[in-house]
C-alpha cells in the first residue's frame, strides 16, 4: 500500500485515490438522509449572488453570439462536496495539521479505498464470491496490507499507536472499524495479514518471530525470518519477554552485549575516546541485565545474521570461557577495573561532577600541610595536591569506593566514569575495536 500525498487526495471533490472513499461515504450519507438541493443551501440568497456575478460576466463576453454565465448546480453531491472540508475540532483544515496526522489518517482510508474499488468495479455476484463465510453466515474479506515506512512524519509514540491500530483492524478487534465496513460494504471482518517495511524500532512488534530481517552481507542481499527460528520454549520465552528492550539492535550491523547499566552508559563514551563512531558504523549496544542471558542473545543475533560479541565481568569467565564471542574484564568486574584505571586527579574530577568530592577532606587534612578545606571545596581541580598524596588516598579509599560503584549502577554514572577515566580499559578497547573494525 503506497503512502501517497494526502494533500492531493483528502478532499470530497477529488475522485482519485482515497478521495474515492470520501465520495463513496458522501453518496451513502446523502442517500440515507434523502436530502434535496434546497436542504443544503439557501437558494434565494445564492440566486442573488448568481445574478450579481452574471451581471459582471455579461460585460466580459467578447462574442455577442455566445453567453458564459454561472448557475446553481443541480447535483447535490457536487454541492455538499464543495461545502465540506476535513480538519480537526478547532476548524483547522487537515492540510495545516502536519504531515504525520495526514499520512496516518490516509492509511486507514487506503484500506477502505481497496474495498470501494472492489465494490464499485465488480459485479455483485463476483464481489460476494470474494468473501469467506463462517458457519454463522458472517462474511470476511481476505486482505493483505503492505505498508512501506509508515513511520514517516510520526514521532515514536504515534508510530507505536499507529501500528497497534492497524493490527487491531486486521485482527477484527477495532469495533468502530468493523461497524464502518459492515454499514458501507456489508463485510463483517477481515482474514489477513500486514506486511510492514520499516526502519523504525517503534514499528516493530514485541515478538522477534514477527520479523523478517533483510540485510546485505559480502555484497549479497539475504533475509532471515523469525517465524522459522526455533530456540526451544525456555529461550523463546526469555527472548520474547525481553525483546522490547533491544529492538533497535535488529537494525544494527554488529552488536556489543554488556552486562549492566554502567557498562551500557560507558561503552559509547569509550568509543568516542577512541575516535570511533558507533552509530556511523552501525554498531548497537544491548544491555543484558545480568550475564545469565548472554548465550540466548548471542543465539538470537546469530540467527538473524547480526555479528555480536559480549563483554562480561571476569567472575563469569569460568562459565563462559569456551565461547569465542564472549570477552571478559581484566579485573574481577567493571567497577574494579574502572577504579584502578583512574589517577587521583581524574577521579577527583569525576567526584566533582557528581558533587561528592567533599569526603576527601578528612584524608587531605592529615596528608597536606596547611590544607584549606574551603578552598578545596570551591575549586578542587585547581587546588594543589602532591602526586604521592593522591596515590596514597586512592589506595586508602579503593575498597569503599569500588563497593559504592557496585551499589550505585546506572547509565549516567557509567558515562561519567568513562568520560573522566585516564584511559579506556584494555578489555573494552579490544571489544570496541573488534565490533567496529573487525580486529583485536
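Just so you know, all these numbers are worked out from the coordinates, no wet-lab data involved. These figures come from a predicted structure and were not determined experimentally. For neighbour counting, all protein chains shown are included, and Cβ atoms are generated from backbone atoms with ideal geometry for every residue, glycine included.
Please report the relative contact order for the stretch 208-328, taking Cα pairs under 8 Å with a sequence separation of at least 6, and give it as a percent rounded to a whole number.
Dividing the mean separation by the residue count of the stretch 208-328 yields 25 percent.
With n ≥ 4 as the cut-off for DSSP H runs, can you work out [θ] at 222 nm for the chain, using -39500 (n - 2.57) per run divided by the number of residues, rounded to the nearest 500?
-14500 deg cm²/dmol
Once you order the gyration tensor axes a ≥ b ≥ c over the Cα atoms, which shape class does the stretch 89-225 get: rounded for a/c under 1.5, otherwise prolate or oblate by comparing a/b with b/c?
Oblate is the answer for the stretch 89-225, as a/c is 1.5 or above yet b/c matches or exceeds a/b.
When the Cα centres of the stretch 291-305 and the stretch 369-403 are compared, how far apart do they sit, in Å?
44
Provide 213, 241 in ascending order of the number of other Cβ atoms located within 10 Å of each residue's Cβ, fewest first.
Lowest count first: 241, 213.
Give me the percent of Cα-Cα pairs in the chain that sit more than 41 Å apart, rounded to a whole number.
In whole percent, the long-distance tail amounts to 47.
Cα axis of helix 344-353 to longest principal axis of the chain: angle in degrees, 0 to 90, nearest 10?
40
Cα gyration tensor of the stretch 343-420, axes a ≥ b ≥ c as square roots of the eigenvalues: rounded (a/c below 1.5), prolate (a/b > b/c) or oblate?
Verdict is prolate for the stretch 343-420.
What's the center-to-center distance, using Cα atoms, between the stretch 169-229 and the stretch 239-257 in Å?
Answer, in whole Å: 19.
Could you tell me how many degrees, from 0 to 90 and to the nearest 10, lie between the Cα long axis of helix 294-303 and the main elongation axis, the longest principal axis, of the Cα atoms of the chain?
Between the helix axis and the principal axis of the chain, the angle is about 40 degrees.
Would you mind calculating the relative contact order of the chain from Cα pairs under 8 angstrom and at least 6 residues apart, reporting the percent as a whole number?
Averaging sequence separation for qualifying contacts and normalising by length gives 12 percent for the chain.
Can you tell me, using C-alpha contacts under 8 Å and at least 6 residues apart, the relative contact order of the stretch 343-420 as a whole percent?
Relative contact order for the stretch 343-420 comes out at 46 percent.
As a test, work out the antiparallel percent of DSSP beta bridges whose residues both lie in the stretch 208-328, rounded to the nearest 5.
Of those bridges, close to 30 percent are antiparallel.
What is the antiparallel percent of DSSP beta bridges lying wholly in the chain, to the nearest 5?
The answer is about 30 percent antiparallel.
Helix 261-273: angle to the longest alpha-carbon principal axis of the chain, degrees 0 to 90, nearest 10?
90
Which of rounded, prolate or oblate describes the stretch 339-378 when judged by the alpha-carbon gyration tensor and an a/c cut-off of 1.5?
oblate
Remind me, what semi-axes does the stretch 208-328 give for its equivalent ellipsoid, largest first in whole Å, using sqrt of 5 times each Cα gyration tensor eigenvalue?
Over the Cα atoms of the stretch 208-328, the ellipsoid semi-axes are 22, 20, 13 Å.
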